[in-house]
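I have placed the structure first, in the form of structure tokens, so that the comments after it can refer back to it.
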Amino acid sequence: MTHLSVLAANYMASALQRRTAVIEWNDHGAWKTIKDICQAGSAKQADSADYKYKIFGVTYYMQGAPRVLASCLDGTYDEVIIDFGELRPSIRAEWLRCTVKIITASLSEWKLKAFMELLTEEDERRTGWIYTAAFGSEDIRREIERQFHILLKRVPLSVDAFSVDYRVMEWFGGIL
């Protein structure tokens, strides 16, 4: 979930004062859209390359790839967040190498099947994974917890991913 990636990055940069990068490692194009909206009507940032830009102290990389990740891990950043989009075979190796693995699911009826399939397929790999739910029924959330023996934490409502309030800080503090 892109919103959660942006919110996590802003939590790291603002609340924890960490040098933070976020990599969009999917083809959704959200980072370019965010850049276009935030930079509309202003001069292009002097240090901005075609593939990255900075907002509120967070550097956004629009094209995830092993070379981009390697450059982020050279010591420039304290934290690197990767938005992989859907868990798919092409990014599996990189995802499994992540120190913190957060899966965000929508428990809406029309998206539930994919999440249930993932949980069924990944049975032996769940140790240490953090599961979060953005939308959907509390009854469904509790049933998934019971059936798969996982904790499925509800993502707090945040209407602005660039604004980190006390409730969001407390929530991230509890999962990270």
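The values are calculated or read from the model by the stated rules, or taken from the named source; none is laboratory data. Please read all numbers here as calculations on a predicted model, not as lab measurements. Accessible surface is based on the protein model in full, side chains and every heavy atom, while ligands, DNA and RNA are left aside. Shrake-Rupley method; radii C 1.70, N 1.55, O 1.52, S 1.80 Å.
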For Arg154, other-chain or 5+-apart residues with amide H closer than 5 Å (H placed, Pro excluded) are Ala133
If you roll a 1.4 angstrom probe over the protein chains with everything in place, what fraction of the accessible area of the stretch 70-176 belongs to carbon and sulfur, to the nearest %? 54
Would you kindly derive the ³J(HN,Hα) couplings of the stretch 97-105 from the backbone phi angles with the Karplus curve 6.51 cos²θ - 1.76 cosθ + 1.60 (θ = phi - 60°), listing them in order in whole Hz, with x for Gly and Pro? 7, 4, 5, 10, 10, 10, 9, 10, 10
Could you name the lysines whose alpha carbon sits less than 27 Å from that of Lys54, not counting residues in the same chain fewer than 8 places away? Lys32, Lys35, Lys44, Lys101
Structure-based [θ]222 nm, the chain - -39500 (n - 2.57) summed over DSSP H runs of at least 4, per residue, nearest 500: -10500 deg cm²/dmol
How large is the Kirkwood hydrodynamic radius of the stretch 1-110, in angstrom, based on all distinct alpha carbon pairs? 14.7
Cα-based Rg / Dmax (Å) for the stretch 71-176: 14.9, 44
Report for the chain the percent antiparallel among DSSP-assigned beta bridges with both residues inside it, nearest 5. 20
Rounded if a/c is under 1.5, else prolate if a/b beats b/c, else oblate: with a ≥ b ≥ c from the C-alpha gyration tensor eigenvalues square-rooted, which is the stretch 1-42? oblate
Accessible surface ranking that places the most exposed of Cys72, Cys98, Cys38 first, with a 1.4 angstrom probe: Cys38, Cys98, Cys72
What residues qualify as long-range amide H neighbours of Leu107, i.e. H under 5 Å apart, gap of 5 or more or another chain, H built at 1.01 Å from N? Ala134, Phe135, Gly136
